[in-house]
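Colleague: Here you go, one structure.
The values are calculated or read from the model by the stated rules, or taken from the named source; none is laboratory data. Bear in mind the structure is a predicted one, so any value in this text is a computation, not a measurement. Positions of Cβ are generated from backbone atoms using ideal geometry, with glycine treated the same way; all protein chains shown enter the neighbour counts.
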Amino acid sequence: MILPLVDCAAQAQPSDPGWPRPEPLETAGIWRALARLAHGAYGHLQPLAQPATIRLVGVLDRLRKRLESAVPASSPEGTSRTDVEFDVFTGEETLEVVGESYRQEALWQIVGGWRRDYVSYPIAALLRPEPYVSDTGEGDDPNAVQIHIAGHHVGYLSRHNASVYRRGIVELMERCPTGRVGLHGESCGGGERGDGIGMLGVFLAHDPAHFNVSARRASDMPSFRTGLSEAIANDLEDDSYDLSWLQELPANDAGAITMLRRLLENERDPIDRHYMHCELESRLYRSRDAFESALVEYDKACELHDLEMVEIRPALFEKFDRMPVLDTYRQSAIRAQKARDWPRVERWAQRGLELYANDAARPEAVNDLHKRLAYARTKLASAAESASAY
C-alpha cells in the first residue's frame, strides 16, 4: 500500500529556483522544520487513514503559505522558472544522484549562488523517467531517470538504481494526483579544498517500499570497479607481478574465497596482493545471501586491505604512473552510508581521498568520495546540533 503523499507544500512550491533561499535565515529554518516534520510524520508510521492525511496536509499548507509570504515571488535574473507541481515523498534510505559534476552551475544557482562556505541545502527533486540517448549511440540507457530541482536538470539516478526503481516510479506516477513524483533531499558540498572550491552533490531520501522495491534489493551496492582490466593488459609486459591466478579461480564463490585466502598467505608482490584483496571483497559481497557471515567477513577484508595500502599505493603508482580505481573506499563508504554510520562514512571517504591525493586516473572517483564526505559531515553536524539543543 502506498503511503499518503508527504508534502503538498512542494506541490505549490514557489517557482523561484532559488527557493527556499539561504537568506533570510528564518526562511531556511522554517523549510528545514517543514521537511523534518514531514519526514518525522511519514518516516516511521503505518499508512494513515484519509481524514488524518487531510488534516496533516492542512497544517503543511498553512506553513507553506507563511513561507510564500516570506519569499519574493519573482525569479532572480538569469534563473529559469518552473510551475510544475509534483508529489513529494520521503524516507530514511539514501538514493544517490550521479552526473552532478557536469551541472555545477545549476546547483550553485539553486543553493543561492557560489560561495566559499560549506553548503548543506534542503531540496525537493522531481524524478523524471526519460531514456538517455547519447550523440554517438554508445552508452544509451532506456531506463534512465533524470533528476530536476527547481526547473534545472541536475543529474540522474545511477544506472543501477534506475534499473531497480524506474518501474516503481512509473507506477507511483500513475497513482499520484499530479502524475509526477519527487523526493526530499539535500544538496551539499562546496567548501575550500586544496584544489579550489568543492563540488556540490545531491542525495535524496526515500522509502524503497513506496516504489515496490524490497529492502534487500535496495541495499544492493553497485558493481565493483577494481581497475583490474588495465592491470591484466599490462601483465604480459611486466614480470614484477603475475595475475595468472585469476584464471585458476573457481567459478563458485565459496571455492574462490578459500583459494584467495590461501594465495594471500603466501603472495608477497603488492600489486598481486591488491587485486587479490579486491577479488576477495567482491566474492564475499556476492556471497551475502549464501552464508550469514559474508558481510562481516567483507568488512574485515576491507580493513585488512586498507592496512596494506601503505605498501600497495607506491607500487601501484610506480607501475601505472597514476592511481587506478580504489573502489574499496567507495564501496565501504556506501555500506556505512546505508547503515547511517556517518563517522565510518567520513573515515572511509577521507582515507580514500588521502590515497588518491592528486594522482587519480579517474577524477570522478575522487569527486564521488568528496561528495560522500560532504554528506557524512552534513549528517554529523546535524546530529551535533540536535544534541546541543537538549
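Colleague: Is it true that Arg335 is touching a strand residue (DSSP E or B) at 6+ places or on another chain (Cβ under 9 Å) and assigned to a helix (DSSP H, G or I)?
Modeller: So Arg335 fails the test.
Colleague: Looking for something at pLDDT below 90 and either under 29 Å from Glu385 (Cβ atoms) or in the same structural domain as Glu171 (by TED's automatic domain parsing) (or both) - is there at least one such residue anywhere in the stretch 105-112?
Modeller: no
Colleague: Need the failing condition index for Asp117 against (1) on the phi > 0 side of the Ramachandran plot; (2) surrounded by fewer than 17 Cβ atoms within 10 Å (Cβ to Cβ), just the number.
Modeller: (1)
Colleague: Evaluate the stretch 287-298: report whether one residue or more is farther than 21 Å from Ile257 by Cα, surrounded by fewer than 16 Cβ atoms within 10 Å (Cβ to Cβ), modelled with pLDDT under 90 and of a type in the set (D, E, K, R).
Modeller: First, the residues of the stretch 287-298 that are farther than 21 Å from Ile257 by Cα: none.
So far as the stretch 287-298 goes, no, none of its residues is farther than 21 Å from Ile257 by Cα, surrounded by fewer than 16 Cβ atoms within 10 Å (Cβ to Cβ), modelled with pLDDT under 90 and of a type in the set (D, E, K, R).
Colleague: Considering only the stretch 111-128, I want to know if a residue exists there that is part of a loop (DSSP other than H, G, I, E, B), basic (Lys, Arg) and touching a residue at least 24 places away in the same chain (Cβ under 8 Å).
Modeller: For the stretch 111-128, residues part of a loop (DSSP other than H, G, I, E, B), basic (Lys, Arg) and touching a residue at least 24 places away in the same chain (Cβ under 8 Å): present.
Colleague: Can you tell me which residues in the stretch 309-332 are under 27 Å from the mean Cα position of the chain (by Cα) and either in a helix (DSSP H, G or I) or of a type outside the set (Val, Ile, Thr) (or both)?
Modeller: Result: Met309, Arg313, Arg322, Met323, Pro324, Leu326, Asp327, Thr328, Tyr329, Arg330, Gln331, Ser332.
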